[in-house]
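A.B. asks: First the structure, then my questions, so here it is.
The values are calculated or read from the model by the stated rules, or taken from the named source; none is laboratory data. For clarity, every value in this text was computed on a predicted model and none was experimentally measured. All Cβ positions, even for glycine, are placed from backbone atoms using ideal geometry, and neighbour counts span all protein chains on display. Accessible surface areas use protein heavy atoms only, side chains included; no ligands, DNA or RNA. Shrake-Rupley method; radii C 1.70, N 1.55, O 1.52, S 1.80 Å.
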Amino acid sequence: MLSKNHPRYLSLKYRHALENGVKSGIVTPTGMIAHGRGEALDYLIGERTTKNAMKAAEAAAALLLLAKRPVISVNGNVSVLAAEEIIKLAKVCDAKIEANVFYAPAAKRKRMIVELFRKKGAHILGRISDAKIKGLSSERANVSKEGIFSADVVLVMLEDGDRTEALKKAGKKVIAIDLNPLSRTAKKADITIVDNIVRALPLLSKKANTLKRKNIKQLKFIVKKFSNKRNIKESLKIISKAASK
Ligand code: PTJ
């Protein structure tokens with residue numbers, strides 16, 4: 001019998017959560033495809049957090065602590081895989097959480113996400129979309145004025161597409177968690193953590209808790225010395241090394 005921390009056991013647990021999410025409608029059926037893509041890439045990085053991802057997580061935690069209006073954006077997949085870890089991170093970084101999805105029926109699915117978080121004791125934004133992010137034609141454009149619209153730092157995950165670019169054009173800093181270092185999201189973000197969200201989110205909370213002892217100057221230094229381009233290159237090296245073994 002597999003232990004509860006064994007990657008195979010966890011992988012079945014997450015698949016099951018997503019399957020149930022698709023049945024209830026909170027997860028879009030395409031979410032299963034996104035998850036499969038993630039599983040394949042996770043396998044290539046050894047289903048563990050690399051040193052490289054740790055460096056990115058440290059810079060991301062520093063940026064979240066420096067932010068004045070940080071927002072964590074959650075969609076269907078993220079909600080069923082890691083709602084509790086999101087709530088913990090939001091508390092540590094004093095961030096808002098907002099439901100934002102790509103696939104229809106967007107309003108209904110966002111309501112379900114808000115409800116899922118409410119049941120876990122967290123009030124999140126997304127039920128009301130009273131602002132738009134310019135340059136986006138998808139549902140992702142519809143946001144909350146007090147949330148993503150006025151955020152200075154946005155944490156995004158489990159998505160690819162043009163949103164990161166649009167958020168950056170709107171003057172925001174973007175942190176992404178993405179197992180694919182070559183996705184548009186990963187390449188356009190200011191800081192990309194190439195890791196599985198189920199490991200990266202608790203790591204971010206841990207790093208933020210530790211970095212809370214640092215002053216603004218020290219936090220700024222951590223962010224400044226981080227290069228996303230270099231970090232992505234390193235992640236690609238890890239993947240190609242695994243693939244050539
Ligand atoms: O709930 P919605 O409507 O917003 O739909 C969301 C999905 C996930 C369906 C949508 O955004 C989508 O299709 O995403 P993509 O284009 O498949 O991109 C998802 C990215 O996340 C890919 O680069 C995957 O490798 C990556 N990914 C998948 N699972 C994980 C992951 N990254 C980190 N942790 C994971 N567990």
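A.B. asks: Name the one entry in Ile232, Ile222, Ile175, Ile216 that is β-branched (Val, Ile, Thr), within 17 Å of Asp152 (Cα to Cα) and surrounded by fewer than 22 Cβ atoms within 10 Å (Cβ to Cβ).
C.D. replies: Working: Ile232 fails: within 17 Å of Asp152 (Cα to Cα); Ile222 fails: within 17 Å of Asp152 (Cα to Cα); Ile175 fails: surrounded by fewer than 22 Cβ atoms within 10 Å (Cβ to Cβ).
After applying the criteria, what remains is Ile216.
A.B. asks: I would also like to ask the following. With the requirement that a residue be near the ligand (Cβ under 10 Å from one of its atoms) and closer than 21 Å to Ala83 by Cα, what does segment 170-182 give you? Steps first, answer last, please.
C.D. replies: Going through segment 170-182, the residues near the ligand (Cβ under 10 Å from one of its atoms) turn out to be 176-182.
Scanning segment 170-182 gives Ala176, Ile177, Asp178, Leu179.
A.B. asks: A further question follows. Would you point out the residue of segment 1-23, among those that are part of a helix (DSSP H, G or I) and hydroxyl-bearing (Ser, Thr, Tyr), that is most open to solvent (accessible area, probe 1.4 Å)?
C.D. replies: To start, the set of residues in segment 1-23 that are part of a helix (DSSP H, G or I) comprises 7-23.
Those still in the list that are hydroxyl-bearing (Ser, Thr, Tyr) too: 9, 11, 14.
Values: Tyr9: 78, Ser11: 23, Tyr14: 42 Å².
Filtering first and then ranking leaves Tyr9.
A.B. asks: Also, I was wondering about something else. Given Glu98, Glu139, Glu115, which one is over 25 Å from Asp162 (Cα atoms) and among the acidic types (Asp, Glu)? Before the answer, list the steps.
C.D. replies: Numbers: Glu98 fails: over 25 Å from Asp162 (Cα atoms); Glu139 fails: over 25 Å from Asp162 (Cα atoms).
Every option except Glu115 fails the conditions.
A.B. asks: State all residues of segment 24-61 that are within 13 Å of the ligand (Cβ to nearest atom), open to solvent by less than 30 Å² (accessible area, probe 1.4 Å), part of a helix (DSSP H, G or I) and aliphatic (A, V, I, L, M); if no residue qualifies, say none.
C.D. replies: Residues satisfying the conditions are Ala53, Ala56, Ala57.
A quick yes/no check of all residues on (1) under 18 Å from the mean Cα position of the chain (by Cα); (2) surrounded by fewer than 20 Cβ atoms within 10 Å (Cβ to Cβ); (3) assigned to a loop (DSSP other than H, G, I, E, B):
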residue: Arg111; (1), (2), (3): no, yes, no
residue: Val114; (1), (2), (3): yes, no, no
residue: Lys134; (1), (2), (3): no, yes, yes
residue: Glu146; (1), (2), (3): no, yes, yes
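A quick yes/no check of all residues on (1) open to solvent by less than 40 Å² (accessible area, probe 1.4 Å); (2) within 12 Å of the ligand (Cβ to nearest atom); (3) out of contact with any helix residue (DSSP H, G or I) (no Cβ under 9 Å at 6 or more places or on another chain):
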residue	(1), (2), (3)
Ser138	yes, yes, no
Ala151	yes, no, no
Asp160	no, yes, no
Lys168	no, no, no
Arg184	no, yes, no
Lys188	no, no, no
Ile191	yes, no, no
Val198	yes, yes, no
Asn209	no, no, no
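A.B. asks: So Ala40 fits all but one of (1) more than 29 Å from Lys108 (Cβ to Cβ); (2) touching a helix residue (DSSP H, G or I) at 6+ places or on another chain (Cβ under 6 Å); what number is the exception?
C.D. replies: Ala40 satisfies all of (1) more than 29 Å from Lys108 (Cβ to Cβ); (2) touching a helix residue (DSSP H, G or I) at 6+ places or on another chain (Cβ under 6 Å) except (2).
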